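The values are calculated or read from the model by the stated rules, or taken from the named source; none is laboratory data. Since this is a predicted model, take the numbers as computed values, not measurements. Cβ atoms come from the backbone with ideal geometry, glycine included; neighbour counts cover every protein chain shown.
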Amino acid sequence: MSERGDRAEKLFYEGYNCAQAVFCAFSDVTGLETEEAARLASSFGGGMGRLREVCGAVSGALLVLGAVRGYSEPGVPEEKKRHYETVREFARRFSEEFGSIVCRELLAGAGATVAVGGDPEPRTPEFYKKRPCPALIRRAAEIADGMIGRE
């Protein structure tokens, strides 16, 4: 259990998408207000707008890593190399634990329905029971927290 993981999971239960829940849990670290962080991460829920591609929790965590440890200058190959290594390390850790970083694979592996596109499902108790998302969100936040030096 971690404070950051608790916060991310709580935000998901409040109605934020997976990416928003993780990214907003780090608002104090990124310096962004929750509203701004939520807006920036809004496209990445549902594996990028319900395309079921890269898991929103992973995208949210990578946004955190970019905000805290990313590079901003175009001509810095060593910084770019280090940052991409960080991204791959996060993906490795998450994938080792859950078997994938792809939303549709994570949902299918948990026995959840995998619908591409369409409207988001209503957040009901049944919705939460059939999804692995809370655990994925919690763990993505914990891994990112550790990687930014807060383990």
T113 meets each of (1) part of a helix (DSSP H, G or I); (2) more than 20 Å from A25 (Cα to Cα) with one exception, condition (1)
For residues in the range 5-18 being under 11 Å from E142 (Cα atoms) and out of contact with any Lys or Arg (no Cβ under 7 Å at 6 or more places or on another chain), which is surrounded by the most Cβ atoms within 10 Å (Cβ to Cβ)?
-> R7
Taking the range 116-138 and keeping residues loosely packed, with under 14 Cβ neighbours inside 10 Å, within 15 Å of C103 (Cα to Cα) and of a type in the set (A, V, I, L, M, F, W, C) leaves V116
Among the residues listed as Y84, Y128, the single one being assigned to a helix (DSSP H, G or I), at pLDDT below 95 and not small (G, A, S) | Y128
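Residue-wise test of (1) surrounded by 13 or more Cβ atoms within 10 Å (Cβ to Cβ); (2) farther than 19 Å from A19 by Cβ; (3) in contact (Cβ under 8 Å) with a residue 12 or more places away in the chain.
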position	(1), (2), (3)
P77	no, yes, no
R93	yes, no, yes
G109	yes, yes, yes
A112	yes, no, yes
For the subset of the range 22-39 comprising residues that are in a helix (DSSP H, G or I) and aliphatic (A, V, I, L, M), which member is farthest from L65 (Cα to Cα)?
-> A38
Take the residues of the range 79-91 that are in contact with a helix residue (DSSP H, G or I) (Cβ under 8 Å, 6 or more places away or on another chain) and without any contact (Cβ under 8 Å) to a residue 60 or more places away in the chain: which is nearest to A25 (Cα to Cα)?
-> F90
Within the range 136-151, restricting to residues that are free of Cβ contacts under 8 Å to residues at least 24 places away in the same chain and in a helix (DSSP H, G or I), the one that is nearest to D6 (Cα to Cα) is G146
Would you please name the residue that is surrounded by the fewest Cβ atoms within 10 Å (Cβ to Cβ), looking only at residues in the range 98-107 that are over 13 Å from R50 (Cβ atoms) and not acidic (D, E)?
-> G99
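Any chance the range 60-73 includes a residue that's part of a helix (DSSP H, G or I) and either without any contact (Cβ under 8 Å) to a residue 24 or more places away in the chain or surrounded by fewer than 14 Cβ atoms within 10 Å (Cβ to Cβ) (or both)?
Yes: one or more hits.
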